[in-house]
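For reference, the structure is listed below as structure tokens.
The values are calculated or read from the model by the stated rules, or taken from the named source; none is laboratory data. As the structure is a computational prediction, the values presented were derived from the model and not from experiment. Please note: Cβ atoms are built from the backbone with ideal geometry, for glycine as well, and neighbour counts cover all protein chains shown.
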Amino acid sequence: MEIFPRETYKKLVQPDGFSPAEMEAIYRAHGFDNVEMAHSALQRIAVHPAVADWIDSFVPALFLGLEKTASPNRALLNLERFIDQSRDATMLKSLMSQPRLLEMLLTLFTGSQFLSDILLRHPEYLHDLSDVRQLAVIKSTEKLVTEGNAFLQTDSAGLDSVDLLRRFQRKELLRIGMGDLLSIIDFRAVIRQLSNLADAIIQICLKLSLSDLPPEAH
């Protein structure tokens, strides 16, 4: 539940909404250890063109989600980067209407910076992460090989096969890691998935290497 009335959170994004002491009390109550940094990030988010029209409705849910994280400061800074990198206004607005999706995102942003950076480079991956059923799927090596080969056929800004394969690997690492962070899959399933992914990447790499050889070398 919210610690303060909803109007309190809305005033946080208004210029001179609170005195420094009042503002610090609000942020501290939600676990922030660097109030100045957090407030600056929130102000930048509030004026971002993609969210400015609905920020008042978003802030209460945001603070409720941030309060549950291990590091509200890190989560908020990563959220700012995510909003800045995203080009999909519809996807961003879905964060306001789906508290569970926002909670998942904030969990990722505090649970693993490595995985967060993958999503920050490719905000569109949030669409896949929003389907919890996909996070629970244990993919076989064969399925990953099939999906990896299909991914290599995508047109992605002229990337070569190695770069596309690396992108596929990171996308799968994000899916597996998210399932782990949300406790959707257990430790044994995580290890199994990582092993299957490694085997699939090796098989695809071998196929790519063979395709580069002259026919007489096969």
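Would you check which residues across region 58-96 are of a type outside the set (A, V, I, L, M, F, W, C), surrounded by 14 or more Cβ atoms within 10 Å (Cβ to Cβ) and farther than 17 Å from L129 by Cβ and list them?
P60, E67, K68, S71, P72, N73, R74, E80
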Inset, instruction - Please list, ordered by first then second residue, the pairs with beta carbon atoms under 7 Å, 6 or more apart or interchain, first in region 88-108 and hydroxyl-bearing (S, T, Y), second assigned to a helix (DSSP H, G or I). - result: S94/L101; T107/L181
Inset, instruction - Scan region 77-98 for residues that are charged (D, E, K, R) and assigned to a helix (DSSP H, G or I) and jot them down. - result: E80, R81, D84, K93
Legend entry - Per-region count, region 42-67, residues within 9 Å of V13 (Cβ to Cβ) and charged (D, E, K, R): 1
Legend entry - So R74, is it assigned to a helix (DSSP H, G or I), touching a Ser or Thr at 6+ places or on another chain (Cβ under 6 Å) and either under 23 Å from S97 (Cβ atoms) or charged (D, E, K, R) (or both): yes
Inset, instruction - Please specify each residue of region 54-71 satisfying the condition of being touching a residue at least 40 places away in the same chain (Cβ under 8 Å), closer than 21 Å to Q98 by Cβ and not in a helix (DSSP H, G or I). - result: W54, T69
Inset, instruction - Inspect region 73-85 for any residue being over 17 Å from Q43 (Cα atoms) and in contact with an Asp or Glu (Cβ under 7 Å, 6 or more places away or on another chain) and give the result as yes or no. - result: no
Inset, instruction - Kindly list, by first and then second residue, each pair from a residue in region 118-145 that is under 22 Å from F187 (Cα atoms) to a residue that is outside any helix (DSSP H, G or I) and at pLDDT 95 or above, limited to pairs with Cβ atoms under 6 Å and residues at least 6 apart or on different chains. - result: L135/I184; A136/I184
